[in-house]
Amino acid sequence: MAGHIISIIGGKGGVGKSQVAANLAFAFAAENRSKTLLLDFDKQASGDQNIITGIKCKKNIKELSEFNGAMDPRSINMFIGQHKMGVHYIGMPNDPNVAEQINAEGLGKTLKALPNLYQTTIIDCGSELNDLALKALEFSTLIFLVVTPDLLAANQTKRVFSELTTMLFPKEMMHIIVNQFQKGHPVTADTIGRQIGKPVFGVVAKDDQSCLRALSSSTPLYSIAKNSPFSQGITDIVRKLKQRNVLASLEKLQKPDGAQAKKKTSSAPVPGGKNPWLDLKSRIHKSLVEEMDMKKQDDNDPKAQIILREKTKKLVVELLGKEDTKGILNTREDMNQIVKEVLDEALGLGPLEDMLSDKSISEIMVVGPDKIFYEQGGKVKVSDVVFTNNRQVLNVIERIVAPIGRRIDEKTPYVDARLVDGSRVHAIIPPCALDGGTITIRKFPENRLTYKDLVNFGSMTMNMADFLRISVEAHRNIVVSGGTGSGKTTLINMLGGFIPSNERIITCEDSAELDFPQDHVVRLETKPPSLEGDGAVDIRCLVKQTLRMRPDRIVVGECRGGETLDMLQAMNTGHDGSMTTVHSNTPRDCMSRLETLVQYSGVPISPKAIREMIASAVHMVIQQTRLEDGSRRILNITEIGGMQGEVITLQDIFAFKQEGMNKQGKIVGKYMATGFIPKFIETLEKKGYKVPRGLFNNE
């Protein structure tokens, strides 16, 4: 006759779960008159069972997880320690760091074999649902949740009970044991049962004196005081299990098989047919909207969000319980995955949540509900997860733009916004977007990149970084030129870090992305028009405002219109050291682009006058480019030398020379100093600055 595995879990630490587990093993051995195995899977309390039982085992659980042979009575004997009452024991390593290295998957073969070796196996799973505890639960017939008669412990046990239910473990296999029970206590067993949502199976009386005596002598209480109140409670639980034939009836329950489960990716569209996974999600979403009003929640209160998520999670599990999920949700991982996807779409940013948390992903591009692309390592890839429908895409867009006071509708079907972490978001919806809502997210790096990072990435050399530092400190007006996604914002952030901390910096942006390390930074952002169509504040208006705010430096996130004229005028009228970015492919193209943008202002200025203004205002152009292999590099650092006739003269100081590609598809090349020494260096030297001329030599 096959045996059974019983797992013991505590809702929180300090409920006496290890004492209950150890003494249950001794009670089973005595009542069944057969050998019982006790396993310690509690990584957080490494070695506690060694003290409670006083049994010295030959090898520990970590060594058991690394055993590759067949598990039979002879091989198990190499690991166990034995007690004269018939309890065999394998403990946890005493060192918590060693315990963390245990391979949970390696224990699967042993757990599968144990019912053929022992009539009863008791596993102390600790108070966390970690990989080791979940592996034990997969092979368990019965789960005991140990709780003490206080409301906090009951609340934590309710959380564990809810999580196990969410993971597809049947409620029938989970039973409640109340430890340290006292008659007349205001928190009764019935109260605990009602709070958790499951009647209490058994109670163990509070018996501190006996438990302390047993611990002091490193002997299980059951073996030295079988008639103590604590031991009597343990005996009653074992006898109740036998009388009601509980284990035999639970054996027939279908439990999740995590060992065979694979990560669920079936949310991807199925060509030529309906997707049962998406259909199920769609039905759950519809029911969820009917049951709860998601729009009345406070998005700014973290505690309220946690409570809402737990409340919603419980409702999602209940709704799934009413659905026919056969053939769709076959494993615990499937259940976890669909609950997570529903919660993410209902309360978060749906399938974008995992991509946003992945630090290796730099950009996310949504094209309607069925196509999500992302950039990783400079390469664009297709995601295997999608949105349920276009309504969910629109919900995500609204969730992004609402907290920052922006709006998107048919009248204004596009918006620029930002996430909490500063990541830039652009969204456009039907009727302009034909395939459904389109979202483009440029992720904001968690840590501000410094010049050392860019040197390590190969975006420039240390000599170039030193020269740029000198240029910024010398109040050179700099334009960063480059295409979309070439790293202009990252570079201007780095340059901003070179500005002395005693200077007042004012930034103007459409969507705030600049993140300078200095304290004295004034950040300005444009404002879209109101519902009535008035009240808009554009970038040109902001640049004009900065001139009245006593700036030492003006930094415009990007010049793309008439504000270019105001920016050039500011550079020409005492605001040296200002910076901006422009979309163009070469330093020469940058000059033409600036000339064109000035004309957007509507002020009648001759082309020659515009070029003279540019030549006078802008001192340097830094050309940033994203190359074919996905790498971002500075291709040119160019000084503007003034006018020659009607042409602006440009002189490269540093340039990147591409030499070919290697076998890995990476571009091979080197940075070259042209040998040209910028004119302002001589001016600096006359003021007493020492600029090493070696910066302009090739290494």
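A few points about this structure:
- Exposure rank, largest accessible area first [Thr148, Thr484, Thr461; 1.4 Å]: Thr484, Thr461, Thr148
- Alpha-carbon gyration tensor eigenvalues x 5, square-rooted, for region 474-565, Å: 23, 17, 12
- Percent of Cα pairs exceeding the 20 Å cut-off, where the set is region 1-66: 32
- Counting only protein heavy atoms and using a 1.4 Å probe, the accessible area of Thr312 comes to about 0 Å².
- Cα-based reach from Lys690 at 22 Å (exclusive), listing lysines while leaving out same-chain residues under 8 positions away: Lys679
- Radius of gyration and maximum dimension Dmax of region 558-699, Cα, Å: 17.2, 54
- The charge dipole of the chain, taken about the Cα centre with unit charges on the Cβ atoms of Lys, Arg (+1) and Asp, Glu (-1), comes to about 1760 debye, rounded to the nearest 20.
- Since only Val537, Met494, Leu524 are under comparison, the one whose Cα sits farthest along the positive direction of the charge dipole of region 476-554, derived from C-beta charges on Lys, Arg, Asp and Glu, is Met494.
- Estimated at 0.36 nm per residue, the fully extended path between Ile404 and Thr440 surpasses their Cα-Cα distance by 11.2 nm.
- Evaluated over region 307-389, the count of Lys pairs having alpha-carbon atoms less than 26 Å apart is 19 (only pairs 8 or more residues apart or interchain).
- For the chain, with all protein chains in place and a probe radius of 1.4 Å, 50% of the accessible heavy-atom surface sits on carbon or sulfur.
- Sequence of Tyr222, Tyr414, Tyr451 when ordered by accessible area, the most exposed leading, probe 1.4 angstrom: Tyr414, Tyr451, Tyr222
- Oblate is the label for region 418-576. Its Cα gyration tensor axes, ordered a ≥ b ≥ c, give a/c of at least 1.5 and b/c at or above a/b.
- Ratio of Rg to Rh for region 515-633: 0.99 [Cα atoms; Kirkwood radius as inverse mean 1/r over pairs].
- Beta bridges per DSSP with both ends in the chain, % antiparallel, nearest 5: 50
- Taking region 109-227 and dividing mean pair separation by its residue count, relative contact order in percent (alpha carbons under 8 Å, at least six apart): 21
- Seen from Ile478, the other residues with C-beta closer than 13 Å to its C-beta sum to a net charge of +1, counting Lys and Arg as +1 and Asp and Glu as -1.
- Eigen-decomposition of the gyration tensor built on the alpha-carbon atoms of region 161-205 gives equivalent ellipsoid semi-axes of 23, 10, 7 angstrom, largest listed first.
- For Val480, residues with placed amide H under 5 Å, excluding near neighbours: Thr580, Thr581, Val582, Ile622
- Accessible surface of Val342 - all protein chains present, 1.4 Å probe, nearest 10 Å²: 0
- Cα coordinate range in region 540-606, projected on the principal axes (Å, largest first): 32, 25, 17
- Heavy atoms of the protein chains alone define the surface here; on that basis the chain has 47 Å² accessible area per residue at 1.4 Å probe size.
- Pairwise Lys count, region 76-171 - Cα closer than 20 Å, eight or more residues apart or different chains: 4
- Neighbours of Ser18, meaning other residues whose beta-carbon lies under 15 angstrom from its beta-carbon, give a summed charge of -2 when Lys and Arg score +1 and Asp and Glu score -1.
- Between Leu547 and Lys112, the modelled labels are 7.8 nm apart [label points 7 Å from Cα along Cα→Cβ].
- Contact order for the chain, expressed relative to its length and based on alpha carbon pairs under 8 Å spaced 6+ residues apart, stands at 8 percent.
- Cβ charges +1 (Lys, Arg) and -1 (Asp, Glu), total dipole of region 152-222, debye: 120
- Convex hull volume per residue, computed on the Cα atoms of region 45-172, equals 132 Å³.
- When the residues Leu349, Leu37 are ordered by accessible surface, computed with a 1.4 Å probe over the protein chains alone, the sequence from largest down reads Leu349, Leu37.
- Over region 213-253: Rg over Rh, Cα atoms, Kirkwood Rh: 1.19
- Rg/Rh (Cα only; Kirkwood hydrodynamic radius) as it applies to the chain: 1.12
The values are calculated or read from the model by the stated rules, or taken from the named source; none is laboratory data. The structure presented is a predicted model; accordingly, all values stated were derived computationally and were not measured. Virtual Cβ from ideal backbone geometry, glycine too; neighbours counted across all protein chains shown. Ligands, DNA and RNA are stripped out before the accessible areas are found, and what is left, the full protein with its side chains, is counted by its heavy atoms. Shrake-Rupley method; radii C 1.70, N 1.55, O 1.52, S 1.80 Å.
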